[in-house]
Amino acid sequence: MAMSAIVETVMSHLFSSTSGMMLVVPPQAESEGNDHEDRARRDEQVVENIMKTAQMHLVVATLLMTVTFTAGFTLPGGFESDTNSPNKGMAILLRRTAFRAFAVSNAIAFACSSGALFAYFAMAANAISAVTKLTVIIQIYNMAIALQISAMAAVVVAIATGMYVTLEHSVGLAVTVCSIGCISFIVFCLSMILLPKKS
């Protein structure tokens with residue numbers, strides 16, 4: 001019961017139109033008497049703010065993509081190196097469920113972070129064009145944010161499952177490491193709950 005309330009609160013903060021912390025909402029006209037120049041100036045300021053924020057997000061998405069790419073080739077447990085084995089070059093821990101969870105979550109993290117990178121590049125290309133509407137840039141930015149949050153969550157799962165599969169012989173240590181890895185989800189949920197909503 002309490003867990004469902006926490007999830008509902010976090011989701012409402014993430015996807016509500018009044019949050020403004022994760023997703024950007026197109027600005028509303030302050031009065032009907034605004035002329036075209038004021039609106040263009042306000043839209044230009046919003047695009048400039050989005051692009052400044054996107055620069056920081058671009059660094060994070062690039063780091064996530066680099067880490068997940070590297071983890072895809074340096075698998076936990078290593079590779080079969082016996083020259084006489086029919087499984088030469090295959091992952092040693094391939095048959096373990098935790099390893100499969102690692103591989104899938106790492107692939108999800110890579111796909112989401114590269115998707116976020118492409119979205120940021122598309123957003124930058126559209127911001128240069130004078131004919132692109134502000135709503136298009138905001139939609140691309142919101143999509144990139146959702147992809148990046150998904151990538152960060154998948155990286156946490158990949159690290160927890162990767163550590164678990166390599167420490168599986170010591171169940172206590174494996175569970176402890178996974179529990180510590182899940183603290184980031186708790187911190188994220190708490191930050192979403194504690195952030196004030198815009199009115």
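The values are calculated or read from the model by the stated rules, or taken from the named source; none is laboratory data. Please read all numbers here as calculations on a predicted model, not as lab measurements. Because the Cβ atoms are built from the backbone with ideal geometry, glycine has one as well, and the counts that use them run over all protein chains shown. Keep in mind that these areas ignore ligands, DNA and RNA; they rest on the heavy atoms of the full protein, side chains included. Shrake-Rupley method; radii C 1.70, N 1.55, O 1.52, S 1.80 Å.
Key figures for this structure:
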quantity	calculated
Candidates 190, 167, 173 - the one that is at pLDDT 80 or above and either within 22 Å of residue 150 (Cβ to Cβ) or among the charged types (D, E, K, R) (or both)	190
Top-ranked residue of the range 176-187 - restricted to ones that are among the hydrophobic types (A, V, I, L, M, F, W, C) and open to solvent by less than 80 Å² (accessible area, probe 1.4 Å), ranked as nearest to residue 149 (Cα to Cα)	185
Cross-chain or 6+ apart pairs with Cβ under 7 Å, the range 165-184 first and more than 20 Å from residue 93 (Cβ to Cβ), then among the hydroxyl-bearing types (Ser, Thr, Tyr) and surrounded by 10 or more Cβ atoms within 10 Å (Cβ to Cβ)	none
Within the range 86-105, tally of residues that are assigned to a helix (DSSP H, G or I), open to solvent by less than 60 Å² (accessible area, probe 1.4 Å) and free of Cβ contacts under 8 Å to residues at least 60 places away in the same chain	2
Selected residue (criterion: farthest from residue 119 (Cα to Cα)) from residues of the range 136-161 that are surrounded by fewer than 20 Cβ atoms within 10 Å (Cβ to Cβ), β-branched (Val, Ile, Thr) and free of Cβ contacts under 8 Å to residues at least 60 places away in the same chain	156
